1. Just going by the charge dipole of the range 127-200, with Lys and Arg at +1 and Asp and Glu at -1 on Cβ, which of Ser181, Val162, Cys127 is farthest out on the positive end?
2. Which of (i) 18.3; (ii) 14.6; (iii) 13.0 is the computed mean projected area of the Cα convex hull in nm² for the structure on display?
3. May I ask which residue of Tyr19, Leu87, Pro74 lies farthest towards the positive end of the charge dipole of the chain, with charges of +1 (Lys, Arg) and -1 (Asp, Glu) on Cβ and the Cα centre as origin?
4. Mind listing the Cα extents of the range 89-193 along all three principal axes, in Å, largest one first?
5. Which ordering of Ile145, Ile29, Ile151 is given by a fewest-first count of other beta-carbon atoms within 10 Å?
6. Taking the chain as a whole, which cysteines find no other cysteine Cβ under 4.7 angstrom from their Cβ?
7. Of all beta bridges DSSP finds with both residues in the chain, what is the antiparallel percent, to the nearest 5?
8. As a test of the formula, what do you get for the chain when each DSSP H run with n ≥ 4 contributes -39,500 (n - 2.57) and the sum is divided by the residue count, at 222 nm and rounded to the nearest 500 deg cm²/dmol?
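Coordinate-derived values only; no laboratory data. Values in this document were obtained by computation on a predicted structure and should not be read as measured data. Positions of Cβ are generated from backbone atoms using ideal geometry, with glycine treated the same way; all protein chains shown enter the neighbour counts.
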Amino acid sequence: MHAEELKQSPGHSLSDLAYTNGETGSCEIAGSVPGLVSGSFDACGGTQTITWTFTDACDRTITHTQTITVEPAPQAAFINAPADITLTCEEAAVFTVSDLAYTNGEAGSCEIAGSAPGLVSGSFDACGGTQTITWTFTDACDRTITHTQTITVEPAPQAAFVNAPADVTMTCEEAAVFTASDLNYTNGETGSCEITGTVQVLLVGFDAGGQTITWTFTDAWTEHTHTHHS
């Protein structure tokens, strides 16, 4: 039987056991004796033995033994185990792993309840990535439950040039002394989601028709170019 059944069922409470020899009057031997319990059980089950013994006035003994085999309590399960999710890079940067509660819904000596920490594997950066969180619990009966959540991290926002100059018109004299500056870029993020830096200018052509200045930055996915004509 299950441990919870043993604990709750009146039919399995420890009762005195009646005896009789079926006679009457001075020949009658009748009464009841208490049972003696040995053994034990817990959430992993166990065995208990109840023994009733009676010795009459003639020094004759009768014995009855009942063996109760207690099955393990139900296995625990995780409560509200999280589903797989997709996060932005910014969300992933502040995401925290919580312990996951488990229970078998029982009480007393049959209860298996608590919480297990999550183990994180995988990584992400500004290009995104995948992380896996695994919660594992092994009870005293050597039964293991596991839940795995996969977190897909999207790439950080694309960078853009900061204050990219517009096309301008200059005199020949102004163009002769014009100096092009490096151009900054950023995606406005921080930490592992940040894409920021500076690119040098590429000066292409200078004649009576004007000149072209090009700044180019290539991240892990895309080439970003800004062209300035003067």
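1. Cys127
2. (i)
3. Working it through, the farthest residue towards the positive pole turns out to be Tyr19.
4. Over the range 89-193, Cα extents along the principal axes are 93, 19, 14 Å.
5. Details: Ile145 18, Ile29 15, Ile151 21.
Lowest count first: Ile29, Ile145, Ile151.
6. Cys27, Cys58, Cys110, Cys127, Cys172 - these cysteines have no disulfide-compatible partner (Cβ-Cβ under 4.7 Å) in the chain.
7. Numbers: 64 of 68 bridges.
Here the share of antiparallel DSSP bridges comes out near 95 percent.
8. On the way: 3 runs with 16 residues, N = 230.
Calculated mean residue ellipticity at 222 nm is -1500 deg cm²/dmol.
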